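The values are calculated or read from the model by the stated rules, or taken from the named source; none is laboratory data. Since we're looking at a predicted model, the values are computed, not measured. Positions of Cβ are backbone-derived with ideal geometry, glycine not excepted, and every protein chain shown enters the neighbour counts.
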Amino acid sequence: MNMTDDGVPDYAFGPRKRGGKAPMRDFAGPRQVAGRDAADFEQRPQPALVSTSHDHPEDWLRAGQAMERALLLATLEGLSSSFATQPLEWTDLRWPLRDPVTGTGYTQMLLRLGYGPKGPRTPRRPVPEVLDIRP
């Protein structure tokens, strides 16, 4: 695999929402992907918010570790997950996502969890291309 093969392949985009837009980013954008179907999405997906007490690089690392555990558990439980990053890309939208009880915290990621069709596997780069292990 070379760098031009990086990214999500067309076959892994999943179906479009039947009858409208889904509340998430569609990586195909407006272009049509051959053979891509439309499907009914779950009526009540569950949001999961990953937040930290502060907003420093070490907090970002901890949030990533927590997200990794949440995604692995969701997969073990047969859940589908997707990232809802759009609200986090704008400071004025990210701020209202903090803890509703205390009004504190920094939102790091918003996940959408639900039961859906199993998607196809996507390619991975060989470990030596992305990681150097030194004794």
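Okay, here's what the table says:
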item	result
Every residue from region 49-98 that is under 16 Å from the mean Cα position of the chain (by Cα) and of a type in the set (Ser, Thr, Tyr)	Ser51, Thr75, Ser80, Ser81, Ser82, Thr85
Breaking point among (1) among the basic types (Lys, Arg); (2) over 30 Å from Glu77 (Cα atoms); (3) surrounded by 10 or more Cβ atoms within 10 Å (Cβ to Cβ), for Arg94	(2)
Where Glu58 falls short, out of the listed (1) more than 29 Å from Phe41 (Cβ to Cβ); (2) modelled with pLDDT under 85	(2)
Test: residue in region 40-52 that is under 30 Å from Pro15 (Cα atoms) and in a helix (DSSP H, G or I)	no
Members of region 61-72 that are loosely packed, with under 14 Cβ neighbours inside 10 Å and not polar (S, T, N, Q)	Leu61, Gly64, Glu68, Arg69, Leu72
Single residue of Thr52, Thr85, Thr104, Thr122 found to be β-branched (Val, Ile, Thr), surrounded by 14 or more Cβ atoms within 10 Å (Cβ to Cβ) and touching a residue at least 12 places away in the same chain (Cβ under 8 Å)	Thr52
